[in-house]
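> Okay, handing you the structure first.
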Amino acid sequence: MIITAGIYKGRKITAPDEKITRPTLSKTRMGIFNSLYSILGDFEGKTFLDVFGGSGIMGLEALSRGFSSVKVIELNKKSAEIIKKNYGTLNLKPDLIIGDSIKILEKSEEKFDVIYIDPPYKSNLYDKILGLTKGNIIVVEHFENIDFSGFEVLKEKTYGSSKITFLSNFVPKSDNC
């Protein structure tokens, strides 16, 4: 895999075994960050959370494009070691939490400008994770239909079999207040 844009553009990243992760394709990553730019504008000073880190590529793309800080959560220890290695090749130290995303988010009060959610395929974790998110923009990569009630859908895109949905957990006030 290669970082697609920004200060680390063209740098190679190691992917974990495909039995462990399903890396987001470069075309999809480019589309995600282009859409985020159209929603947020400049990334300077913005924070990014990758809930299921895998190779760490989404966090590295975020840093490469100007996000000020990135946090990565990864349960699999082999994947976590690859994340450390990938950040290390760029002389970066990841803000990495090794553990169960649900348990970590249940305890966290931290808020992020962007939260990226791409859980293991057919894990049925979307509802649980979405219920715990504290962020302005939530990006969900999914293959099946998901109930996004309670969120404002900002944008939806399809890349092959992947669907990318951009959400806001801002709920407008009712006119009856």
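> Residues being in contact with a His (Cβ under 8 Å, 6 or more places away or on another chain) and over 22 Å from Lys103 (Cβ atoms): count how many of those fall in the range 124-162.
Taking the range 124-162 as the starting set, the residues that turn out to be in contact with a His (Cβ under 8 Å, 6 or more places away or on another chain) are 126, 162.
From what's left, over 22 Å from Lys103 (Cβ atoms): 162.
Counting residues in the range 124-162 that are in contact with a His (Cβ under 8 Å, 6 or more places away or on another chain) and over 22 Å from Lys103 (Cβ atoms) gives 1.
> Follow-up. If the requirement is being closer than 28 Å to Ser161 by Cα and touching a residue at least 12 places away in the same chain (Cβ under 8 Å), which of these qualifies: Leu90, Leu40, Leu96? Quick ask: steps written out before the conclusion?
Numbers: Leu90 fails: closer than 28 Å to Ser161 by Cα; Leu96 fails: closer than 28 Å to Ser161 by Cα.
One residue alone meets the criteria, Leu40.
> Could you check how many residues of the range 112-150 are within 18 Å of Lys163 (Cβ to Cβ) and either of a type in the set (A, V, I, L, M) or exposed (fewer than 15 other Cβ atoms within 10 Å of the Cβ) (or both)?
First, the residues of the range 112-150 that are within 18 Å of Lys163 (Cβ to Cβ): 114-127, 129-130, 133, 137-149.
Those left that are additionally either of a type in the set (A, V, I, L, M) or exposed (fewer than 15 other Cβ atoms within 10 Å of the Cβ) (or both): 114-115, 117, 120-125, 127, 129-130, 137-140, 143-147, 149.
So the count comes out to 22.
> Has the range 129-148 got at least one residue that is closer than 24 Å to Lys46 by Cβ, outside any strand (DSSP E or B) and hydroxyl-bearing (Ser, Thr, Tyr)? First the steps, then the outcome.
Going through the range 129-148, the residues closer than 24 Å to Lys46 by Cβ turn out to be 129-142, 148.
Then drop every residue that is not outside any strand (DSSP E or B), which leaves 129-134, 148.
Within this subset, residues satisfying the condition of being hydroxyl-bearing (Ser, Thr, Tyr) are 133.
Checking the range 129-148: at least one residue is closer than 24 Å to Lys46 by Cβ, outside any strand (DSSP E or B) and hydroxyl-bearing (Ser, Thr, Tyr).
Here's the yes/no breakdown for (1) in contact with a Ser or Thr (Cβ under 6 Å, 6 or more places away or on another chain); (2) more than 23 Å from Ser161 (Cα to Cα); (3) at pLDDT below 95:
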position: Lys9; (1), (2), (3): no, yes, no
position: Lys19; (1), (2), (3): no, no, yes
position: Asp50; (1), (2), (3): no, no, no
position: Ser55; (1), (2), (3): no, no, yes
position: Met58; (1), (2), (3): no, no, no
position: Leu63; (1), (2), (3): no, yes, no
position: Ile73; (1), (2), (3): yes, yes, no
position: Lys84; (1), (2), (3): no, yes, no
position: Glu110; (1), (2), (3): no, yes, yes
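> Going by the conditions given, is Lys157 basic (Lys, Arg), farther than 20 Å from Ser68 by Cα, out of contact with any strand residue (DSSP E or B) (no Cβ under 8 Å at 6 or more places or on another chain) and in contact (Cβ under 8 Å) with a residue 12 or more places away in the chain? Quick ask: steps written out before the conclusion?
Details: basic (Lys, Arg): yes; farther than 20 Å from Ser68 by Cα: yes; out of contact with any strand residue (DSSP E or B) (no Cβ under 8 Å at 6 or more places or on another chain): no; in contact (Cβ under 8 Å) with a residue 12 or more places away in the chain: yes.
Against the criterion (basic (Lys, Arg), farther than 20 Å from Ser68 by Cα, out of contact with any strand residue (DSSP E or B) (no Cβ under 8 Å at 6 or more places or on another chain) and in contact (Cβ under 8 Å) with a residue 12 or more places away in the chain), Lys157 does not qualify.
> Return yes when Ser79 is touching a helix residue (DSSP H, G or I) at 6+ places or on another chain (Cβ under 8 Å), farther than 21 Å from Thr133 by Cα and among the small types (Gly, Ala, Ser) and no when it is not.
Numbers: touching a helix residue (DSSP H, G or I) at 6+ places or on another chain (Cβ under 8 Å): no; farther than 21 Å from Thr133 by Cα: yes; among the small types (Gly, Ala, Ser): yes.
No, not satisfied.
> Residue check: is Lys71 basic (Lys, Arg) and free of Cβ contacts under 8 Å to residues at least 24 places away in the same chain? Steps first, answer last, please.
Working: basic (Lys, Arg): yes; free of Cβ contacts under 8 Å to residues at least 24 places away in the same chain: no.
So Lys71 does not fit the description; no.
> Might you check whether a residue that is among the polar types (S, T, N, Q) and without any contact (Cβ under 8 Å) to a residue 12 or more places away in the chain occurs anywhere in the range 115-125? Break it down stepwise before answering.
Kept after step one, since they are among the polar types (S, T, N, Q), are these residues of the range 115-125: 123-124.
Checking which are without any contact (Cβ under 8 Å) to a residue 12 or more places away in the chain leaves us with 123-124.
Yes, some residue in the range 115-125 is among the polar types (S, T, N, Q) and without any contact (Cβ under 8 Å) to a residue 12 or more places away in the chain.
The values are calculated or read from the model by the stated rules, or taken from the named source; none is laboratory data. A quick note: this is a predicted structure, and the numbers were derived from the prediction, not measured. As a convention, Cβ positions derive from the backbone with ideal geometry for all residues, glycine included, and neighbour counts pool all protein chains shown.
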